[in-house]
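The values are calculated or read from the model by the stated rules, or taken from the named source; none is laboratory data. Remember, it's a predicted structure, so these values are computed and weren't measured experimentally. Note: accessible area is taken over every heavy atom of the protein model, side chains too, but ligands, DNA and RNA are not part of it. Shrake-Rupley method; radii C 1.70, N 1.55, O 1.52, S 1.80 Å.
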Amino acid sequence: MVTIERTQTGVRIERRLLKVLKSLAEYLDMSLGDLIEGMTLHAFEGKAPFSPETLEKIAALKGVYGLDLAATDAHRLTETPK
């Protein structure tokens, strides 16, 4: 075990992406924060964070929530004016 200090943060994230992340965290029986930390630490080392089975679950959840964004969209997102 590694002892760390966590801090509360507020981030804005695409609505459907958040739904998929929250559902995936629930499926994996972990908190959303733990999921994001794990994904980020894997990405920082250039490692894939998910098994093929988990990727299948992610694909299914993306379908449920209508998430059609891909990595190529990452730096091209803009918000709808309110």
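Remark on Glu14: its backbone amide H falls under 5 Å from none of the residues 5 or more positions apart or on other chains, H modelled at 1.01 Å from N. Per atom type, the chain shows carbon and sulfur on 57% of its accessible surface, probed at 1.4 Å. For the residues Val20, Val11, Val64, a GNM of the chain with alpha-carbon springs under 10 Å puts the largest fluctuation on Val11.
So what is the accessible area of the chain per residue, in Å², with the probe set to 1.4 Å?
For the chain, the per-residue accessible area is 87 Å².
In straight-distance terms, cross-link reach from Lys62 covers every one of the aspartates and glutamates whose alpha-carbon lies under 16 Å from its own, apart from those fewer than eight places away in the same chain; here that gives Glu14, Glu26, Glu53, Asp73.
Here are labelled values, [x] 1.05; [y] 1.02; [z] 0.97, and one is the computed Rg/Rh (Cα atoms, Kirkwood Rh) for what I pasted. Which one? Computed from these coordinates, Rg/Rh (Cα atoms, Kirkwood Rh) corresponds to label [z]. A Gaussian network model of the chain, with springs between Cα atoms under 10 Å, assigns the largest mean-square fluctuation among Thr72, Thr54, Thr40 to Thr72. Using just its DSSP H runs of length 4 or more, each adding -39500 (n - 2.57), the chain gives a mean residue ellipticity at 222 nm of -15500 deg cm²/dmol after division by all residues.
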